[in-house]
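S.K.: Once you've had a glance at the structure underneath, I'll fire off some questions.
A short reminder: the numbers here are calculations on the coordinates, not readings from a lab. The model shown is predicted, which means the values in this text are computed figures rather than measured ones. Cβ atoms come from the backbone with ideal geometry, glycine included; neighbour counts cover every protein chain shown.
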Amino acid sequence: MASGISTCSCLTVLSVRHKTHRSLQVKAQSFKDEARSSPMIDQNMSILRGRIEEVKIKERLERCLERGYGWNYAPGYDYKAKRERALSELFECLCVAGGTIGFTFFGGTVFLCLLSLLYHLN
């Protein structure tokens, strides 16, 4: 059976809540106040720098303890990469030297061929 629109309407009571907003406190500062707060800021910054240094030292010590005994190299140091880099630089240097010598011999050979050709034509 099809339902029709109900004749009774349900009324909902909306509760009204009043929200009280706190006003923001705004301080007006003058140049005189700035001179008084500057040493405090410098002091806070020096304390913060000291704490940052302490945290760095603690982290460094923790990393050393995790690695165990022996030399504790930085994780970015890699013997294989250093050796491969040195070998590639050596290979590049040898290629440049060989190419220079080869180009010199090739140029001399072409020059002698042209000189011989000119000599035989005359």
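S.K.: Mind giving me the FRET efficiency for LYS58 and ALA86? R0 is 25 Å, r the Cβ-Cβ distance, nearest 0.05 is fine. If you can, show how the numbers build up before the last one.
M.R.: On the way: r = 36 Å, r/R0 = 1.45.
Approximately 0.10, to the nearest 0.05.
S.K.: Here's another thing I want to ask about it. Taking the Cα centre as origin and putting +1 on Lys and Arg beta-carbons and -1 on Asp and Glu beta-carbons, what dipole magnitude results for the stretch 78-122, to the nearest 20 debye? Write out the running numbers ahead of the final one.
M.R.: Numbers: 4 positive and 4 negative charges, 23 e Å.
So the dipole magnitude of the stretch 78-122 works out to roughly 100 debye.
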